[in-house]
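Q: The structure's right below; bear with me while I get my questions together.
The values are calculated or read from the model by the stated rules, or taken from the named source; none is laboratory data. Just so you know, these numbers come straight off a predicted model, no measurement behind them. We place every Cβ from the backbone using ideal geometry, glycine too, and count neighbours over all the protein chains shown. Keep in mind that these areas ignore ligands, DNA and RNA; they rest on the heavy atoms of the full protein, side chains included. Shrake-Rupley method; radii C 1.70, N 1.55, O 1.52, S 1.80 Å.
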Amino acid sequence: MDRKRKYLGMAAIVLVALGAGQLVQTMAGGQPPRPATPENIVKTAAGPEPAIPAAMMDPLLSAALPVAPAAASVDPAPDTLAPGTAEAATAGPATTELAALTAEVPAMPAGDTLPAVDPSVATPPFATGTAATPPCDPVLTLTAAPQAMISVVLSSPCQPGGRVVLRHAGLTVAETLDGKGILVLDLPALEAKAQVSVLLPEAITAESSVEIPGLAQIRRFAVQWMADDTFQLTALENGAAYGEPGFVSAENPVSPNGGYLMSLGNPADAMPMLAQVYTWPGDGKTRAEPVIEAAVTDLTCGREMLGRTLLSDNGRVSAKDLSLAMPDCSATGDILVLNNLVAGTTLAAAN
């Protein structure tokens, strides 16, 4: 407080000295001094350039009046007013006191700086969507394989374990992607220009095509079904009986005559779509009789079972709907047999 009083005393002395000097200069010029009225004080403070300060006329009156907001005429970012200067005197007692208080605040030493940011704890930048996530569009690749097969590779990394429905020339089966969203299988071609389409979850689709050579040398017969409408495909080659060489079934899928049977689809699927395809040489040396069997079980008895058959003869496909009325459940354990399914094909192949 003593320091503040000292600054105020110095400011008063400076004001009186400046007032006296200004008064002498004014009188020397022959101009009578203007009376110190409140109106003049306000106008002087509000003018573009300060005129004769009111404190020079009457220090007591200037101290009694409130400091006008003329301090707004000072620069937007003024330097601290040092006590005892002319600028501090014109700013009024309150400004002088503020300048004195500001002068007491110690400045930051020149060598001190803000602590550096540790890069190890800095927030890492967000990864871009393309770098952090794999592409989700499925990629279907088809390749011609030996024995008129289609090598299928499907990649859909955003749908691991997803259900896939494959379609080719009327043949429709459901498979399952592995844990990486990949499916690899061989599909029997029914047409020379083989087109395959896939349907994935969320109605995502993909399709591709490939030319398959060698279909003129083979014949193919397929049966397909859904859910509990279960059928079994077998074949008798060159007059073989059940269990003899030349009898082809899921348990004995390859014969010495060149015929073979493939099972397609995932039976563990919630809504299985399954098929079996039998292939035999088309050179006329192998007489083949495909046979469809339907077992009477607790799931099939007493109702109608539905399926479909497909015949590929020299790359030309014909399809037929299959409807079979099953006996009541008292016949559980029996097996119904459908033969003479491709009688014309055997003769045509023999020719």
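Q: Please verify whether Ala206 is touching a residue at least 24 places away in the same chain (Cβ under 8 Å), over 20 Å from Val342 (Cα atoms), in a strand (DSSP E or B) and open to solvent by less than 30 Å² (accessible area, probe 1.4 Å), treating the condition exactly as stated.
A: It is true that Ala206 is touching a residue at least 24 places away in the same chain (Cβ under 8 Å), over 20 Å from Val342 (Cα atoms), in a strand (DSSP E or B) and open to solvent by less than 30 Å² (accessible area, probe 1.4 Å).
Q: Here's a follow-up. Residues in the range 217-236: is at least one out of contact with any Pro (no Cβ under 9 Å at 6 or more places or on another chain) and over 15 Å from Ala275 (Cα atoms)?
A: No: the range 217-236 contains no residue that is out of contact with any Pro (no Cβ under 9 Å at 6 or more places or on another chain) and over 15 Å from Ala275 (Cα atoms).
Q: With respect to Asn257, is the statement that it is in contact with a strand residue (DSSP E or B) (Cβ under 8 Å, 6 or more places away or on another chain) and either without any contact (Cβ under 8 Å) to a residue 60 or more places away in the chain or of a type in the set (Phe, Trp, Tyr) (or both) true?
A: Yes.
Q: Next question. Residues of the range 169-190 being under 21 Å from Trp280 (Cβ atoms), open to solvent by 10 Å² or more (accessible area, probe 1.4 Å) and touching a Leu at 6+ places or on another chain (Cβ under 7 Å), which ones?
A: Selection gives Ala169, Gly170.
Q: Right, next: Can you confirm whether the range 186-200 contains a residue that is among the hydrophobic types (A, V, I, L, M, F, W, C), assigned to a loop (DSSP other than H, G, I, E, B) and farther than 12 Å from Val152 by Cβ?
A: So far as the range 186-200 goes, yes, one or more of its residues are among the hydrophobic types (A, V, I, L, M, F, W, C), assigned to a loop (DSSP other than H, G, I, E, B) and farther than 12 Å from Val152 by Cβ.
Q: For Ala294, only one of the following conditions fails: (1) at positive phi; (2) small (Gly, Ala, Ser); (3) at pLDDT 95 or above. What is its number?
A: That leaves (1) as the condition not met.
Q: For Leu310, are the conditions met, namely being open to solvent by less than 30 Å² (accessible area, probe 1.4 Å), out of contact with any Lys or Arg (no Cβ under 7 Å at 6 or more places or on another chain), assigned to a strand (DSSP E or B) and without any contact (Cβ under 8 Å) to a residue 40 or more places away in the chain?
A: No: the conditions fail for Leu310.
Q: Would you mind finding the one in Thr300, Thr230, Thr279, Thr286 that is open to solvent by less than 30 Å² (accessible area, probe 1.4 Å), under 29 Å from Ala194 (Cα atoms), of a type in the set (Val, Ile, Thr) and within 47 Å of the chain's Cα centre (by Cα)?
A: The unique qualifying residue is Thr279.
Q: If a residue must be part of a strand (DSSP E or B) and surrounded by 20 or more Cβ atoms within 10 Å (Cβ to Cβ), how many such residues does the range 241-272 contain?
A: Qualifying residue count for the region: 3.
Q: For the range 313-344, give me each residue that is open to solvent by 40 Å² or more (accessible area, probe 1.4 Å), in a strand (DSSP E or B) and more than 29 Å from Gln147 (Cβ to Cβ).
A: The answer is Ser323, Ala325, Ile335, Leu336.
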